[in-house]
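Below you'll find the structure, written out as structure tokens, and then a few comments.
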Amino acid sequence: MQLFHILIVVLFFGFGVYNLFIENSPVLAVHFLLIALYFFVTLYELRGRPFSRKIYLLLTVLLVADGLLNMFIFPTSLLSGIISFFFAFICWQTYQRLKRS
């Protein structure tokens, strides 16, 4: 499972850098880099060393902002907005779980 997370982090980071510097699509690059960040954070959670709650809260806010931008400002990437909201919800649940423990 950890190898799968590492593969996704590397893949999405590569997509983000490619879209930022070669395709000149910063909106898509930010989306890919945020997804890579989400999987990087969950990788450390799977290893038993979660980040602080503030990181999860910050990532939730960033993913919600990315979802809003993708759904309403840039309507061509509706699926990217839905995916960002889904990951933001999971990140929020993790934040709540870490807050209780």
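The values are calculated or read from the model by the stated rules, or taken from the named source; none is laboratory data. Quick caveat: nothing in here was measured; it's all calculated off a predicted structure. A quick note on method: Cβ atoms are made from the backbone with ideal geometry, for glycine too, and the neighbour counts reach across all protein chains shown.
Taking segment 62-101 as the range and being aromatic (Phe, Trp, Tyr), modelled with pLDDT under 90 and surrounded by fewer than 13 Cβ atoms within 10 Å (Cβ to Cβ) as the test, only PHE72 passes.
If you take the residues of segment 1-41 that are of a type in the set (A, V, I, L, M, F, W, C) and outside any helix (DSSP H, G or I), which of them is surrounded by the fewest Cβ atoms within 10 Å (Cβ to Cβ)? Looking at residues that are of a type in the set (A, V, I, L, M, F, W, C) and outside any helix (DSSP H, G or I), I get MET1. Looking only at segment 42-56, residues that are within 20 Å of PHE4 (Cβ to Cβ) and part of a helix (DSSP H, G or I) come to 5 in all. With respect to LEU59, determine if the residue is assigned to a helix (DSSP H, G or I) and modelled with pLDDT of 95 or more. Considered against the rule, which asks whether it is assigned to a helix (DSSP H, G or I) and modelled with pLDDT of 95 or more, LEU59 comes out as yes. Taken residue by residue, segment 78-88 has no member that is in contact with a helix residue (DSSP H, G or I) (Cβ under 6 Å, 6 or more places away or on another chain), more than 18 Å from ILE8 (Cβ to Cβ), among the polar types (S, T, N, Q) and assigned to a helix (DSSP H, G or I). Residues that are among the hydroxyl-bearing types (Ser, Thr, Tyr) and more than 22 Å from THR42 (Cα to Cα) within segment 58-86 comprise THR76, SER77, listed in sequence order. Restricting attention to segment 72-97, report how many residues are in contact (Cβ under 8 Å) with a residue 12 or more places away in the chain and over 13 Å from the mean Cα position of the chain (by Cα). Residues flagged as in contact (Cβ under 8 Å) with a residue 12 or more places away in the chain and over 13 Å from the mean Cα position of the chain (by Cα) within segment 72-97 amount to 4.
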